[in-house]
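Asker: The structure follows.
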Amino acid sequence: MSFSLRPYRAPDFEQPRFAQAPDVRMAEVELDGVAPEGYHSTSMYPEYFKIDGRWRLAEESRMDSAVVLREDGRLDVVELRNLRRGDRVILGRTDGGEEGIYLHADGFAQADGGADLFAFRSARSRETAFSRDYDFLYQLLLHEREHGNVLFVMGPAFAFDADARSAMQWLIENGFVHGVLAGNALATHDLEAGLLRTALGQDIYTQELRHNGHYNHLDVINKVRRSGSIPKFIEEYGIRNGIMYGLVKQNVPFVLTGSIRDDGPLPEVIGDAYAGQAAMRNLVRRATTVICLATQLHTIATGNMTPSFRVVDGVVRPLYLYTVDISEFVVNKLRDRGSLSSISFVTNVQDFIVHVAKGVRQLDEQRKAEERTQKDPA
């Protein structure tokens, strides 16, 4: 079965309205971290800017940021707090071309016409059938293993179930995970499960509560801090399973960002919110597919710094953003904040990841069998 990404249709800048549009206006930053009046704020969609008579795409975009024209001609999308005195910032509050700014929201739209204006079951809810979404995701993950970068954004729910931990570890070890964003809890309870078979004192295999189990995660944090790092703890205590074990073993980068309620935290947890956001964005910049799982605040934060597209080897391709949660409110919250390109699953994330690992494995084995048959028809 062949798989291809949805093609991108760039704007036709030969049209008179684009050809006759003026160049963008710019103003210099006068005070670090303060944008000039009338600055243009970016979205998740591809945006073009007319400079010296030529329309140019800001290739690395994100929501709610300014666009800076660098000395080398590069268009740099910068958070307002990171602007520096002397930066030349693009101005404009319209995006239809009249100020030299054009937002291209339908570059990945189907060319065969849109959906009916009135239709039942067009929302994403607990009643939605996600079968086709799963089938597409299996194919997408196989494609991204060879050609893309898959970033998982994870809440702690996975650490509470042995099957979910095993499924996620399999995805990591088989090349389907290129980065992970999470908090202190996911890493803590996953390491607790690896050492003590519990998460928050509950057995991850039987779901039975263990005596004095409420000490377990604190004891693990204490041991990791004594070891000095997560990799050192895994080595010293002979951890041989789980999510963090898989990430360390496969050298997959992860960013753990802290919250005000954290216990410990683990040594790798970034306590400074802005340093954490910058570290998260460094992984988001590489991603071509982002899968957010049962973590509302991390999902919103990641969604706000994730565009709907990525430029790879000069080609504009879609960036797929998935939000998965058992709560309809959570999966719809990201859409309310402007990330309209997100694809939502309303389901238990532990079941989701087991289902995904099983489906991807079966499809991978099927494709390998087909390749062997083609090479040796006899």
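Asker: Restricting to segment 19-40, name every residue that is small (G, A, S), in contact (Cβ under 8 Å) with a residue 60 or more places away in the chain and assigned to a loop (DSSP other than H, G, I, E, B).
Answerer: Residue satisfying the conditions is A21 alone.
Asker: Let me ask something else about it. Tell me yes or no: at least one residue of segment 171-183 is open to solvent by 20 Å² or more (accessible area, probe 1.4 Å), among the aromatic types (F, W, Y) and either at negative phi or at pLDDT below 95 (or both).
Answerer: no
Asker: Just to be sure I understand the filter: pairs with C-beta atoms under 8 Å, separated by 6 or more residues or on different chains, first member in segment 72-89 and without any contact (Cβ under 8 Å) to a residue 60 or more places away in the chain, second member loosely packed, with under 12 Cβ neighbours inside 10 Å and hydrophobic (A, V, I, L, M, F, W, C). Which pairs pass?
Answerer: Going by the 8 Å Cβ cut-off, the qualifying pairs are R85/L31.
Asker: Still on this structure, please answer the following. For segment 46-58: of the residues being crowded, with 18+ Cβ neighbours inside 10 Å and of a type outside the set (A, V, I, L, M, F, W, C), which is farthest from the chain's Cα centre (by Cα)?
Answerer: Of everything passing the filter in segment 46-58, K50 is farthest from the chain's Cα centre (by Cα).
Asker: Okay, moving on. Of everything in segment 158-204, what is hydroxyl-bearing (S, T, Y), in contact (Cβ under 8 Å) with a residue 40 or more places away in the chain and farther than 21 Å from E268 by Cα? Give them in sequence order.
Answerer: Within segment 158-204, just S166 meets the criteria.
Asker: Can you tell me which condition I291 does not meet? The list is (1) touching a residue at least 60 places away in the same chain (Cβ under 8 Å); (2) touching a Lys or Arg at 6+ places or on another chain (Cβ under 9 Å), and all the others hold.
Answerer: Result: I291 passes all but (2).
Asker: Would you mention how many residues in segment 345-363 are open to solvent by less than 20 Å² (accessible area, probe 1.4 Å), assigned to a helix (DSSP H, G or I) and not β-branched (V, I, T)?
Answerer: Total satisfying the criteria: 3.
Asker: I need the full set of residues from segment 82-99 which are closer than 10 Å to G33 by Cα and basic (K, R), in order please.
Answerer: R84, R85
Asker: Can I ask one more? Tell me, please, whether a residue that is within 20 Å of S259 (Cβ to Cβ), touching a Cys at 6+ places or on another chain (Cβ under 9 Å) and in contact (Cβ under 8 Å) with a residue 24 or more places away in the chain can be found in segment 321-333.
Answerer: Checked segment 321-333: at least one residue is within 20 Å of S259 (Cβ to Cβ), touching a Cys at 6+ places or on another chain (Cβ under 9 Å) and in contact (Cβ under 8 Å) with a residue 24 or more places away in the chain.
Asker: Consider G246 carefully, then state whether it is without any contact (Cβ under 8 Å) to a residue 40 or more places away in the chain, of a type in the set (G, A, S) and either open to solvent by less than 40 Å² (accessible area, probe 1.4 Å) or in a loop (DSSP other than H, G, I, E, B) (or both).
Answerer: no
Asker: Which of the residues that make up segment 11-42 are closer than 18 Å to D106 by Cβ and surrounded by 20 or more Cβ atoms within 10 Å (Cβ to Cβ)?
Answerer: T42
Asker: Just the residues that are open to solvent by less than 20 Å² (accessible area, probe 1.4 Å) and more than 22 Å from the chain's Cα centre (by Cα), please, taken from segment 70-86.
Answerer: Scanning segment 70-86 gives L75, L83.
Asker: Of the residues A167, A129, A123, only one is over 16 Å from the mean Cα position of the chain (by Cα) and either open to solvent by less than 30 Å² (accessible area, probe 1.4 Å) or modelled with pLDDT of 95 or more (or both); which?
Answerer: Within the list A167, A129, A123, the selection yields A167.
Asker: Still on this structure: Which ones in segment 211-222 are touching a helix residue (DSSP H, G or I) at 6+ places or on another chain (Cβ under 6 Å) and without any contact (Cβ under 8 Å) to a residue 40 or more places away in the chain?
Answerer: Within segment 211-222, N216, V220 qualify.
Asker: If you don't mind, there's one more thing I want to ask. Condition first: under 14 Å from M280 (Cα atoms) and either modelled with pLDDT under 95 or not in a loop (DSSP other than H, G, I, E, B) (or both). Now tell me which residues in segment 249-262 satisfy that.
Answerer: F254, V255, L256, T257
The values are calculated or read from the model by the stated rules, or taken from the named source; none is laboratory data. Everything numeric in this text was worked out from a predicted model, so none of it was measured. Cβ atoms come from the backbone with ideal geometry, glycine included; neighbour counts cover every protein chain shown. Calculation scope for accessible area: heavy atoms of the full protein, side chains included, ligands and nucleic acids excluded. Shrake-Rupley method; radii C 1.70, N 1.55, O 1.52, S 1.80 Å.
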